[in-house]
Every structure is written in structure tokens, then in C-alpha cells.
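Chemist: My structure is below; once you've seen it, I'll send some questions.
Derivation of every value follows stated rules applied to the coordinates shown; laboratory data play no part. Just so we're clear, the structure is a prediction, and the values are computed from it rather than from any experiment. Cβ placement follows ideal geometry from the backbone for every residue including glycine, while neighbour counts extend to all protein chains displayed.
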Amino acid sequence: MNKHSLKLLLISLILVISPTISCSQNRAQNQTQNNLQSISGEVAESSVIMGAERTDLYFQLIEGKRIAVMSNQTGMVGDEHLVDMLVREGMNVVGIFSPEHGFRGTADAGEHVASSVDEKTGIPIWSLYGSGSGKPTADKMKEFDVLLFDLQDVGLRFYTYYASMARLMDACSEHNKRMIVLDRPNPNGMYVDGPVLDMKHKSGVGWLPIPVVHGMTLGELAVMINGEKWLPGGRQCDLTVIPMDNYTHQTLYELPIFPSPNLPNIHSIYLYPSTCLFEGTVMSLGRGTSFPFEVYGHPDYNGSDFSFTPRSVPGAKNPPLLDILCYGVDLRDLPNAEIIDKGFDLSYVIDAYNNLGIGDKFFTSFFEKLVGVDYIRQDIMAGKPAEEIKAKWSNDVEKFKIQRKPYLLYEE
């Protein structure tokens, strides 16, 4: 058992034997499903108190203010949405910003999300995704005094919510608005892995010079963005982070509400760092099935009895290889502890590349945007194994851990 595995084992045991702390009678215990097994074989349990639930820390900052909220379906306070809670408490919510997938979280990845009105409250919804810069217009910025940001992230450089946060921080810095981040757990927050983005590959799926798996909450990342002066022109945002209680980076936290249509369970979220790379190849990763990011396949994949056919479904209206029978690999039975231990794992992409035997035609130009560096494609084509390639970014990971340390809000 390596050092990382031993650390996970110790944390798992602590989670099992420690008493849980309930933050309200209405909030169910966040207990893992059967497939979320700790290394000890026990089911890990969490009772994290979200930043949004700690109203005593931020209500005094928003009372009497015109409030804009950046959130989606994950922004729950107990069994009530943040927006509904604020309205019930008499707060003046004047607008809702929506990220990729929309305020209700039903749009496809990359789909343009139109502005609209929240049917329940009548509050206008201002879409940011697909709007060019991803920043609110100057007119929109004049309509509010303070911005509440509350999104459930999954801790990956190519998951777009942190980029939305950075753009909003930039807009708030330009227009002298305060931004309050209500922090939530990072389900992949227990490790750091993958190459740091070469900024020549900066894109909507790679916005900051951070590893693929950065291991930080959005609150911590916001503090780091300010501290490292990563906003354009070195600007800094008037930022307040409302931290969680009863959370560490080793907390095994299962999301009660999936953050986007194609991440429907914790197993897919653990596999996501590695299987998302298939978005930059000719392969299907299971979009258009009930198990996205938990499989990979292609019509020409050889030697497999496992098959699936991508269909047009809500959240994946036009998936790759639509209506085409694919053969490949089913990862659904892979234990969570093994996925976490392997981290950012290139072995799945290497397997598929070798199996198809089509050389550079296996990759698309999107691959570099996901991995963030040039050498991974080159090394895979040169036949190098996953562990040899992984060694190339190990120093970058250690440097990043040192760089991020002053900004961590929770015990590692």
C-alpha cells in the first residue's frame, strides 16, 4: 500500500468512527451510495455544513443591497434553493446569472443558454454561457450591488464553472462590486494531479495555470486568483469567501444533486478527470447513455464483448457516434478507491489509441485544450506508458501544491 492509499485509509476510518454533526433536521445526511466505498471497505459519511447554510456569516453583508446570484440546481440550502431562501428572508434579489447547462442544469455541454425568467420567483435569469466574453454587460453590472456565487464544482481544470467564477470576479473588480463565494466541497479535492496548463492552450475549458485536478474548492481557488493576480491586468476582486464547516480535503463527499446532465453519480465524477480526455478523440465516452464518463468505445474497437449505442437524450441531444453501435470498455465496476488512487490516469486513452491503430487520426485538436500541454499526445504516439508520461508532470504538481498552500481554507 502506497503513502496515498494509506492516507485515504486513515481518513476513511476516521469518517466511519467519528460522530456526525447535523446542521439541521431538514438536511439529510450525505451518505455515500453502495459503490462509494472507502479503502477500509466501510461506507464513508459526511455532514458538511455548506457556506450557503451559514447565513449568520453573510446576511449582514447583503441586507439592504441589490443582490445578484450566480447559481444553478445545486445551490441548495437544506431542502430549499438559495434564491428561494433569500426571497423568503426578504432579501432583494434582482437577477440570477446562469452558467453552462443553465439555471436548472438541463442544457447540453456547450449549448447556448438563453436568458429568461425564473418561473417560481419571477426574477430575471441572465445567461453568461455562450455570450462571447462570458462577462455581464456594463448595464447588467449597474443593476446590482453585491454578487452571491454558489455553484457545486467537481474540481477539474476543464470543468467550466471556475472559469465563470473568474470572469465574474473580473467584472466585479472592473465595476467595484463585492463578490461573495458561498463555498461547497470538491468531490475530487483529496489529491492534485495532471500537467499545469500551458497558457498557449488557454480556452473555455482551460482558463488558469493549474493542474487538471487542482484539489481546491471554488472558494480557495477564488482566493488564489486574487492572491496570484490572475485576473486581466493584475486586477483584484473585492472578495469574501464564506467557508464550510466540518470539511477537509480528505472528506469523501457525495453530491446530493448532480452538477450537470452527464455527471449523474459520484463514480462518474471520480472517473471524469481521466475519461473526459476522450472528448478530444474519435471515441465515445458514453454520452447519450445512462452511464456517461463510465465507459468508452468505438465501432472499430476490437476484442470486446461490451457494447453500447449512444442515443439522443436530454442533456446529450447529439452525442458523438449517435445511433452507432460501439464496442469498448465498461468501467462501472471499478472501485472508487482504485480510481482515486490512480488519479489522472492516461491508461484508458492509451488503450483505445493502441486498439484502434489509426495513429494521429485518433486525436482531435480539442485534445490539447483538455490536457493543456503538447507532450501527452506526442508521448502516447511514441508508445510511452502512462506512468512514464505521468512522471513528466510530477514536479509541476509539487510546485503547485506549494504555490496553493497559502490559499487553502481547509485541512489537507
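Chemist: Given points 7 Å out from each Cα along the Cα-Cβ axis, report the Lys361 to Lys229 separation in nanometres with one decimal.
Modeler: About 5.0 nm, to one decimal.
Chemist: What residues have an amide H closer than 5 Å to that of Thr281, excluding those fewer than 5 places away on the same chain, when H is modeled at 1.01 Å from N in the peptide plane?
Modeler: Distant-sequence amide H within range of Thr281: Thr364.
Chemist: Can you work out the Karplus-derived ³J(HN,Hα) for every residue in region 66-81? Use 6.51 cos²θ - 1.76 cosθ + 1.60 with θ = phi - 60°, whole Hz, and x for glycine or proline.
Modeler: 7, 10, 10, 10, 9, 7, 8, 5, 7, x, 9, 10, x, 9, 10, 6
Chemist: Still on this structure, please answer the following. Ratio of Rg to Rh for region 331-401, alpha carbon only, Kirkwood?
Modeler: Taking Rh as the inverse mean 1/r over Cα pairs, Rg/Rh reads 0.98.
Chemist: Computed from the mean reciprocal separation of all distinct C-alpha pairs, what Kirkwood hydrodynamic radius does region 260-333 have, in Å?
Modeler: Taking the inverse mean of 1/r over all distinct Cα pairs, region 260-333 comes out at 12.0 Å.
Chemist: While we're on this one: Quick one: go through region 46-67 and flag any residue whose amide nitrogen is under 14 Å from the point 7 Å out along the Cα-to-Cβ line of Asp145.
Modeler: Residues passing the 14 Å test: 59-67.
Chemist: Quick one: which residues, 5+ away or cross-chain, put their amide H under 5 Å from the amide H of Leu148? H built at 1.01 Å from N.
Modeler: Ala68, Val69, Met70, Ile180
Chemist: Once you've got the Cα coordinates, tell me which of Lys177/Lys229; Lys229/Lys369; Lys202/Lys342 are over 21 Å apart.
Modeler: Lys229/Lys369; Lys202/Lys342
Chemist: Output the direction-averaged projected area (hull surface divided by four) of the convex hull of the alpha-carbon atoms of region 220-292, in nm².
Modeler: So the Cα hull casts an average projection of 7.6 nm².
Chemist: Cα-based Rg of region 118-263 per 2.2 N^0.38 Å, rounded to two decimals?
Modeler: Relative to the rule-of-thumb radius for its length, region 118-263 sits at 1.05.
Chemist: Also, I was wondering about something else. Evaluate Rg over Rh across region 266-381, taking Cα atoms for both radii and Kirkwood's formula for Rh.
Modeler: We get a ratio of 0.94 for region 266-381.
Chemist: To the nearest 0.05, how large is the calculated FRET efficiency for Asp84 and His175 if R₀ is 22 Å and r is the Cβ-Cβ distance?
Modeler: 0.25
Chemist: If I model a spin label at Asp245 and Arg66 as a point 7 Å from the Cα along the Cα→Cβ vector, what separation in nanometres do I get?
Modeler: 3.4
Chemist: At 7 Å along the Cα-to-beta-carbon direction for both Asp351 and Asn302, put a label point, then send me their distance in nm to one decimal.
Modeler: 1.7
Chemist: Of the chymotrypsin sites (Phe, Trp or Tyr not before Pro) in region 274-328, which ones lie in a loop per DSSP and count no more than 15 other C-beta atoms within 10 Å?
Modeler: Sparse-neighbourhood loop chymotrypsin sites (Phe, Trp or Tyr not before Pro): Phe306.
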